[in-house]
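Novice: This is the structure I want to talk about, given as structure tokens.
Every read-out reported here was derived from the displayed coordinates using simple, explicitly stated rules and does not represent laboratory data. What you see is a predicted model, and the numbers here were worked out from it, not measured in a lab. All Cβ positions, even for glycine, are placed from backbone atoms using ideal geometry, and neighbour counts span all protein chains on display.
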Amino acid sequence: MKSVVTTVVTAADAAGRFPSQNDLEAVQGNIQRAAARLEAAEKLASGLDAVTKEAGDACFNKYPYLKQPGEAGENQTKIDKCYRDLGHYLRLINYCLVVGGTGPLDEWGIAGAREVFRGLGLPTTAYVEALMFTRDRGCAPRDMSPQALNEYKSYIDYLINALS
């Protein structure tokens, strides 16, 4: 799985050199932010079901047409799959927080996601809207510390940009 540490080591190895001072500073910065990332991961994990439900509800409230016949949420089974997918993305964000890199999202969530969504006729804008709601709803210190919230939002933004 790709993290800042593995990325730095792999890049230096591919170039046939030891990690540079800049490489080591990037790793050090990542390690210094570890406590905030782990706090965010813990908070997200403890409220994953509620966060997923709020995000999905916000999306279906903004786009009620999605529940019409022929749309992505035309029946309860399809609605449940939308919530399942949101939960999947939030778990991947949780994994990113733990490893300190975008590897889990890159490997398991983004690669081919737009093509799959297009192939199934699922609107990526709905997922983006749900993720933006989740990002914007986060509040420090109510939900987590400002540093943890910043780490959490950075991975949500990364995913939003990838799906947009």
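Novice: With an 8 Å cut-off on Cα pairs and a minimum separation of 6 or more residues, tell me the relative contact order of the chain in percent.
Specialist: Normalised by residue count, the contact order of the chain is 30 percent.
Novice: I need the calculated FRET efficiency for the pair ALA26 and THR125, taking r as the beta carbon distance and R₀ as 30 Å, to the nearest 0.05.
Specialist: So, using R0 = 30 Å, E works out to roughly 0.35.
Novice: In nanometres, what is the gap between the two model label sites at ALA12 and GLU115, each 7 Å from Cα along Cα-to-Cβ?
Specialist: 3.5
Novice: Taking the alpha-carbon distance from LYS62 and a cut-off under 25 Å, which lysines remain once sequence neighbours fewer than 8 residues away in the same chain are dropped?
Specialist: Partners within reach: LYS53, LYS78, LYS81, LYS153.
Novice: Any idea what % of Cα-Cα pairs in the chain are farther than 20 Å?
Specialist: Here the tail beyond 20 Å accounts for 54 percent of pairs.
Novice: Can you tell which of ALA72, ALA35, ALA15 shows the greatest fluctuation in a Gaussian network model of the chain with Cα springs below 10 Å?
Specialist: ALA15
Novice: Next question, about the same structure. Listed highest first by mean packing, meaning other Cβ atoms within 10 Å per residue, what order do 59-68, 94-103 come in?
Specialist: Peptide ranking by packing, descending: 94-103, 59-68.
Novice: Would you mind calculating the gained length between GLU107 and ALA35 on full extension (0.36 nm times residue separation, minus the Cα-Cα distance), in nm to one decimal?
Specialist: My answer for the length gained is 23.5 nm.
Novice: How far, in degrees from 0 to 90, does helix 48-62 lean away from the longest principal axis of the Cα atoms of the chain, to the nearest 10?
Specialist: The helix 48-62 is inclined about 50 degrees to the chain.
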